[in-house]
Amino acid sequence: MATSGTYIWNPDLAELVDEAMERARMDPAHITMRHILSARRSMRFMCADWATKDFHDFRVVETQFTVVQSQAVYVGGTDFDLTDNNLIDILDMSLRRNGVDTPIVFCPRKEYLDIPEKTTEGRTDRCFVDKTVDGLTLTFWPVPENSTDTVIFNGVRKFQDFDTAADTADIPYYMHDAFAYELAFRLCEKYSQPDLEQAMYVKAQNAFKTAQNAVRERGDVRIVPVSSRRRGRYR
């Protein structure tokens, strides 16, 4: 018996909703447009919740921009492009000068506030990342001393929107089962099925953890002492 030899299966939102409703013991043949709209709304809240968890490897994008001399503050969407990426967090950052990359450490709000002379110019080595309602704002110190250095960082973008039933979910192959279980749990919660709700919650959590393990990065573990400078403390 021969296998198909194809790898094109990628369920659209309509199929995912059907699967979730069946798991929640809701017959898709009897659902209404209100059910569909409710499920789509639940999916949006679900992805907003997932964005707060350690589940982002496939949503990491590299972004870079050139700094401006004497300019400390850079606003996402204005000073660096967020139009396509819609970044909600930054994982790591470097300063590139003459082809050489130097790490930039993150500076907490309080420690940035404690810097006595915030207009000092030099080679930037720390950044305060302010997560605002409108996006990300980056404040560098020392303030860039030229207009040729490049800041490079790995950012985490939002999940893409659910617009039509023909859209596919913005998730990798191994997340579809967790997606269906989580949506089924939310539907049980909405449509008063207490006999299923707790069991579906447990299945959703287990499926998410299994999928989360599949997206984790693999590599050697290195334990490196962190100096006060790398923690972002001003001296």
Meets criteria (surrounded by 13 or more Cβ atoms within 10 Å (Cβ to Cβ), assigned by TED's automatic domain parsing to the domain that holds GLU182, in contact with a Phe, Trp or Tyr (Cβ under 9 Å, 6 or more places away or on another chain) and modelled with pLDDT under 90) for MET46: no
Unmet criterion (only one of (1) surrounded by 13 or more Cβ atoms within 10 Å (Cβ to Cβ); (2) at pLDDT below 95) for ASP163: (1)
Pair list, Cβ < 7 Å and 6+ apart or interchain, from region 169-186 residues that are free of Cβ contacts under 8 Å to residues at least 40 places away in the same chain and among the hydroxyl-bearing types (Ser, Thr, Tyr) to residues that are part of a helix (DSSP H, G or I) and surrounded by fewer than 24 Cβ atoms within 10 Å (Cβ to Cβ): none
So VAL129, is it aliphatic (A, V, I, L, M), in contact with a helix residue (DSSP H, G or I) (Cβ under 6 Å, 6 or more places away or on another chain), in contact (Cβ under 8 Å) with a residue 24 or more places away in the chain and not in a loop (DSSP other than H, G, I, E, B): no
Residue selected from region 142-158 under the condition part of a loop (DSSP other than H, G, I, E, B) and surrounded by fewer than 19 Cβ atoms within 10 Å (Cβ to Cβ), by the criterion nearest to the chain's Cα centre (by Cα): LYS158
Test result for PHE55, surrounded by 12 or more Cβ atoms within 10 Å (Cβ to Cβ) and part of a loop (DSSP other than H, G, I, E, B): yes
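The values are calculated or read from the model by the stated rules, or taken from the named source; none is laboratory data. The model shown is predicted, which means the values in this text are computed figures rather than measured ones. A quick note on method: Cβ atoms are made from the backbone with ideal geometry, for glycine too, and the neighbour counts reach across all protein chains shown.
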